[in-house]
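The values are calculated or read from the model by the stated rules, or taken from the named source; none is laboratory data. Just so we're clear, the structure is a prediction, and the values are computed from it rather than from any experiment. Every residue, glycine among them, receives a Cβ derived from its backbone with ideal geometry; neighbour counts consider all protein chains shown.
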Amino acid sequence: MIYRFNNEDSSNGFKVNAADQKAYSGGDFKGITGKLDYISEMGFTAIWLTPVFDKEEKGYHEYWINDFYEREEHFGTIEVLGGSLA
């Protein structure tokens, strides 16, 4: 789950509430790409991300999608992952 894994870009860390299990906790795309070596060192050759799309507020599992053409604003830009949603 992106929003729980690792936060490397504090600029998108608005509405963070670590005390609320259903609220955004700070992880982002830079947090994922910044830990790829760490993930690889554990022996993993692939990762499966939860959806990156705009989701309902407090849609903690990230599967309550609002718009499949927009990324979740808390995660940063999709270009950080090397792609686009189009």
Legend entry - Hits in region 1-49 (condition: out of contact with any helix residue (DSSP H, G or I) (no Cβ under 8 Å at 6 or more places or on another chain), within 17 Å of residue 62 (Cα to Cα) and assigned to a helix (DSSP H, G or I)): 4
Legend entry - Residues within region 25-54 that are touching a Gly at 6+ places or on another chain (Cβ under 8 Å) and among the aromatic types (Phe, Trp, Tyr), tallied: 1
Inset, instruction - Would you point out which residue out of 44, 29 is at pLDDT 90 or above and touching a Phe, Trp or Tyr at 6+ places or on another chain (Cβ under 6 Å)? - result: 29
Inset, instruction - Please verify whether region 40-47 includes one or more residues that are of a type in the set (Asp, Glu), under 14 Å from the mean Cα position of the chain (by Cα) and surrounded by fewer than 16 Cβ atoms within 10 Å (Cβ to Cβ). - result: no
Legend entry - Unique match (being touching a residue at least 60 places away in the same chain (Cβ under 8 Å), touching a His at 6+ places or on another chain (Cβ under 8 Å) and not hydrophobic (A, V, I, L, M, F, W, C)) among 24, 3: 3
